[in-house]
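Engineer: Handing you this structure, nothing more for now.
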Amino acid sequence: MMFGIAWFAMMWFGLLMVVLIAAVVFFLRRRQDGGNDIEVPGRLQQSEARQQVVEMVRGMHRATEGLRGRARVKALRNYMDSMSDGLELASEIRSPGSDSPGGEWVIAPGAKPERRILYIHGGSWVAGSPRSHRAITDRLSRLAQACVFAVDYRLMPENRYLDGVIDCRQAYRWMLGNSPEGQTPADFVVVAGDSAGGSHALGLIAWIRDQGLQPPDAAIALSPSTELMVTSLGKRANLKTDVMLGPTVKKLARIPTPLLWWATVLGMRVLPTSPVASPLRGKLHNLPPTLIQVSESEMLLENAQRYAEKARAAGSPVEVQTWPDMVHVWHIFTPLLPEAEEAFEHIGEFLSRVEAGST
């Protein structure tokens, strides 16, 4: 009995010492930090449109500056949703109705009900919505002549990470048998997502395979997160040129790795090494034709390339297309950025090849 009490006390004493040491290291690193040294890629400075994009990204960081906790999350969500304000859409936005997953149908003129895309938005699993990503879903509906269902999955911190995963799985099952016109089977299905939603999308196609469900004809991941980054953050490639993710990761790099690891586990309630959170660590055989688009200036480039290499080694047809000097998920800035329109044209070509059976 006494031994058990002593062991328990020593365990908590050890944990307290780890926290104290971590706090000291964090303070010292913060004092040594020379400030925000993120560099804007040269190509992004070449036109007024690109400068406008950089200013919008910086505005996102300013909107949350000095805020903590729920106030920071709310500010980020509001800013991301405001990015669709004033956007001219070709598509109709329609509610899926009762007894259906949360989300919205995005239906461009000429979109066929039997052609469907499940879209999973990004936002670091704490922000973003179908509304914030309408620039992307509208464009996908037009180029694929498909009805896009943008799932409104549950976000952290008020929900578990796995709650969002479950919502995406349920949305896929539901979309297989439901269109904007009612209960009808799908004959062409795509799973797509960006950033954190790209992680969900890549995890989802592996789950679909394992469940023996009707597989999607194709998958599209825009600047996807393929592995949770909790180690060597300060040494990550493109840290200084990623104007979207760089400032946040630079702050996280001040936190000692053991503390960051446990904070991630406690916050997300899932191990960073789990394939559910890090698709790169899962089994990548028998996956549908998959297209990954990523900027050469963003931090997620290397892991996206590693995912593609591992998938190809397992026999899955995965291709990566890269763009120089673009911001993370530059697609959301269509039609402002010509490179965004160019990326969507390549997506259209990819889907055409998939349907022709030439991927």
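The values are calculated or read from the model by the stated rules, or taken from the named source; none is laboratory data. Since the model is a prediction, treat every value here as computed from it, not as a measurement. Glycine also receives a Cβ, built like all others from the backbone with ideal geometry; neighbour counts cover every protein chain displayed. Accessible surface areas use protein heavy atoms only, side chains included; no ligands, DNA or RNA. Shrake-Rupley method; radii C 1.70, N 1.55, O 1.52, S 1.80 Å.
Engineer: Calculate how steeply helix 338-356 sits against the longest principal axis of the alpha-carbon atoms of the chain, using the helix alpha-carbon long axis, and give the answer as 0 to 90 degrees to the nearest 10.
Structural biologist: Once rounded, one gets 60 degrees.
Engineer: I've got another one for you. Do you know the relative contact order of the range 57-134, to the nearest whole percent, from alpha carbon pairs under 8 angstrom that are 6+ apart?
Structural biologist: 32
Engineer: While we're looking at this one, here's another question. Could you give the spread of the C-alpha atoms of the range 258-359 along their three principal axes, from largest to smallest, in whole angstroms?
Structural biologist: Extents along the principal axes, in whole Å: 44, 35, 19.
Engineer: Mind checking the angle between helix 301-313 and the chain's longest principal axis? C-alpha axes, 0 to 90 degrees, to the nearest 10.
Structural biologist: The helix 301-313 is inclined about 60 degrees to the chain.
Engineer: Under 10 Å, Cα contacts only: if you run a Gaussian network model on the chain, which one of Arg169, Arg68, Arg281 comes out with the highest mean-square fluctuation?
Structural biologist: Result: Arg68 has the largest fluctuation of those listed.
Engineer: At 1.4 Å probe size, put Ile255, Ile117 in order of accessible surface, largest to smallest.
Structural biologist: Ile255, Ile117
Engineer: Place a label point 7 angstrom from the Cα of Lys283 along the Cα-to-Cβ direction, then list the residues of the range 182-222 whose backbone nitrogen is under 19 Å away.
Structural biologist: Within reach of a label on Lys283: 202-216.
Engineer: Of the listed peptides 155-161, 80-86, 194-200, what is their order by residue-averaged count of other C-beta atoms within 10 Å, with the highest listed first?
Structural biologist: Top to bottom by mean Cβ count within 10 Å: 194-200, 155-161, 80-86.
Engineer: Can you give the accessible area per residue of the chain, in Å², using a 1.4 Å probe?
Structural biologist: Result: 47 Å² per residue.
Engineer: Going by a ≥ b ≥ c, the root eigenvalues of the Cα gyration tensor, does the range 127-190 fall in the rounded group (a/c under 1.5), the prolate group (a/b larger than b/c) or the oblate group?
Structural biologist: Since a/c reaches 1.5 but b/c is at least a/b, the shape of the range 127-190 is classed as oblate.
Engineer: Quick check on the range 75-233: what does the Kirkwood estimate of hydrodynamic radius come out to from the alpha carbon pairs, in Å?
Structural biologist: 15.6 Å is the Kirkwood radius here.
Engineer: For the charge dipole of the chain, defined by +1 on Lys and Arg C-beta atoms and -1 on Asp and Glu C-beta atoms about the Cα centroid, which residue among Ala311, Pro215, Ser124 has the Cα displaced farthest towards the positive pole?
Structural biologist: Ser124
Engineer: Rank Ser100, Ser47, Ser132 by mean-square fluctuation in a GNM of the chain with C-alpha springs under 10 angstrom and give only the top-ranked residue.
Structural biologist: Comparing Ser100, Ser47, Ser132 in a Gaussian network model of the chain, the most mobile one is Ser47.
Engineer: Let me ask you something else. Carbon and sulfur together cover what percent of the accessible area of the range 253-359 at a 1.4 Å probe radius?
Structural biologist: The nonpolar share, carbon plus sulfur, comes to 55 percent.
Engineer: State the percentage of accessible surface on the range 121-200 attributable to carbon and sulfur atoms; use a 1.4 Å probe and exclude ligands, DNA and RNA.
Structural biologist: Carbon and sulfur atoms account for 43 percent of the accessible area of the range 121-200.
Engineer: Given the convex hull over the Cα atoms of the range 140-260, what projected area results after averaging over all orientations, in nm²?
Structural biologist: Result: a mean projected hull area of 9.6 nm².
Engineer: Cross-link candidates for Lys250: which lysines have Cα within less than 18 Å, leaving aside residues fewer than 8 places away along the same chain?
Structural biologist: Lys235, Lys240
Engineer: So if we plug the beta-carbon distance of Gln52 and Asn159 into 1/(1 + (r/R0)^6) with R0 = 41 Å, what FRET efficiency do we get, rounded to 0.05?
Structural biologist: Once rounded, the FRET efficiency stands at 0.75.
Engineer: Pick out, in residue order, every one of the GluC sites (Glu not before Pro) in the range 72-126 that is DSSP loop and has at most 10 other C-beta atoms within 10 Å; say none if there are none.
Structural biologist: Passing sites in the range 72-126 are Glu88.
Engineer: How large is the helix-only mean residue ellipticity at 222 nm for the chain, computed as the sum of -39500 (n - 2.57) over DSSP H runs with n ≥ 4, divided by its residue count, in deg cm²/dmol to the nearest 500?
Structural biologist: Calculated from helices alone, the mean residue ellipticity at 222 nm is -14500 deg cm²/dmol.
Engineer: Beyond 12 Å, what share of the Cα-Cα pairs of the range 50-108 is found? Please give it as a whole percent.
Structural biologist: Taking all Cα-Cα pairs of the range 50-108, the fraction more than 12 Å apart is 75 percent.
Engineer: Could you tell me how many degrees, from 0 to 90 and to the nearest 10, lie between the Cα long axis of helix 48-64 and the main elongation axis, the longest principal axis, of the Cα atoms of the chain?
Structural biologist: The answer is roughly 50 degrees.
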